[in-house]
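The values are calculated or read from the model by the stated rules, or taken from the named source; none is laboratory data. On a predicted model such as this, the values are computed, not experimentally measured, just so you know. Heads up, the Cβs are rebuilt from the backbone with ideal geometry, glycines too, and the neighbour counts pull from every protein chain shown.
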Amino acid sequence: MMDASMISMDGSIISGDLWEVHVKRVLKWLGLVVLVLLLAVGAVIYSAFAPNRPIVDGQALGDGTVQTIKDGFVSVYLLAAGGGKVALIDAGKDRDGAAIMAALRRRGLTPAAVSAIFLTHGHSDHTAAASRFPAASIHALPAEQALLGDSLRITHPVRDGQVIDVGNQHVEVFAVPGHTAGSAVFLAAGTLFFGDSAGAGKDGAMMPAVRWFSRNPAENIAQLKALALRLKPRAAQVKTLAFAHTGPLDGFEQLERFGAQH
Ligand SMILES: [Zn+2]
Ligand SMILES: [Zn+2]
């Protein structure tokens, strides 16, 4: 049998009982530290998502050309392009794209009907199912290829100001770096798609990108301000502001207000 005593840190012999007390004390502190860390992480996640306007699956935007697909905590937007073709804005967090497939089925469509996917940015909660649609061209700002890595190729790099025709729809590109280096906002069918570059609070105000998840929060805000100024002369064209992690806002007003307040 081993002796029940141990050498303490200062070299003196301490009894087994005392040792146990030491270990228990250390474990207690460790437990407390872990608890505080978990609470801090929880608080960050709560403050990032809780005050948000909820995403409603199936919600039609504008004249109904755009449909919301809720994929858990993120939304994908379906843009009807005529002739049984659709485009997607982002591709969700689910690799199988179950929510997207269900939305297509409800329209009597197969995955082959998706002719284009516009990625607002390259974070994996917005790109997961993109490779499930073999007929789809992948449109994004080239700076996002680095985030996508080898898993997904941008087949159609886009640039600021470009207008891309998809069926009977036109998708206009606005480069809005900040959340990521190649974050884009798209305008199609009267809806501005922000991805993670902005969101909507429960109070109905537009919010900037969540700073903890963003590469350059100050640049994000400056770019949103610039976008508000740029689109002001065309405000009547903007019927809806649509976001990836929150529900939408009606009209151009909240983007304009954001620009004025920041
Ligand atoms: Zn993101
Ligand atoms: Zn996201």
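Selection within segment 165-195: residues that are surrounded by fewer than 19 Cβ atoms within 10 Å (Cβ to Cβ) and part of a loop (DSSP other than H, G, I, E, B). The member of this set that is nearest to the chain's Cα centre (by Cα) is 181. Selection of segment 186-195 for residues being within 13 Å of ligand 1 (Cβ to nearest atom) and not aromatic (Phe, Trp, Tyr) yields only 195.
A single entry from 122, 149 fulfils the requirement of being closer than 23 Å to residue 179 by Cβ, among the small types (Gly, Ala, Ser) and touching an Asp or Glu at 6+ places or on another chain (Cβ under 6 Å): 122. Quick check on segment 133-154. Is at least one of its residues closer than 19 Å to residue 67 by Cβ and touching a Pro at 6+ places or on another chain (Cβ under 6 Å)? Yes - at least one qualifying residue is present in segment 133-154. Among the residues of segment 106-130, those that are farther than 21 Å from residue 188 by Cα and either among the hydroxyl-bearing types (Ser, Thr, Tyr) or within 12 Å of ligand 2 (Cβ to nearest atom) (or both) comprise 110, 123, 124, 125, 128. Number of residues in segment 204-262 that are assigned to a helix (DSSP H, G or I), away from ligand 1 (no atom under 16 Å from the Cβ) and not charged (D, E, K, R): the value is 17.
Taking the options 103, 91, name whichever one is of a type in the set (A, V, I, L, M), within 16 Å of ligand 2 (Cβ to nearest atom) and either in contact with a His (Cβ under 8 Å, 6 or more places away or on another chain) or at pLDDT 95 or above (or both). Step by step, each of 103, 91 is checked, and only 91 is of a type in the set (A, V, I, L, M), within 16 Å of ligand 2 (Cβ to nearest atom) and either in contact with a His (Cβ under 8 Å, 6 or more places away or on another chain) or at pLDDT 95 or above (or both).
Annotation: residue 201 fulfils all but one of (1) touching an Asp or Glu at 6+ places or on another chain (Cβ under 9 Å); (2) of a type outside the set (Lys, Arg); (3) away from ligand 1 (no atom under 16 Å from the Cβ); the unmet one is (1). For segment 75-82, the count of residues that are modelled with pLDDT under 95 and within 24 Å of residue 241 (Cα to Cα) is zero.
Being modelled with pLDDT of 95 or more, out of contact with any helix residue (DSSP H, G or I) (no Cβ under 9 Å at 6 or more places or on another chain) and at positive phi: is that true of residue 108 here? Yes. Looking across 83, 31, 108, one residue alone is without any contact (Cβ under 8 Å) to a residue 60 or more places away in the chain, under 29 Å from residue 152 (Cβ atoms) and exposed (fewer than 13 other Cβ atoms within 10 Å of the Cβ). It is 108. Condition check: touching a residue at least 60 places away in the same chain (Cβ under 8 Å) and within 16 Å of ligand 2 (Cβ to nearest atom). Does residue 200 satisfy that? Spelling it out, residue 200 is indeed touching a residue at least 60 places away in the same chain (Cβ under 8 Å) and within 16 Å of ligand 2 (Cβ to nearest atom).
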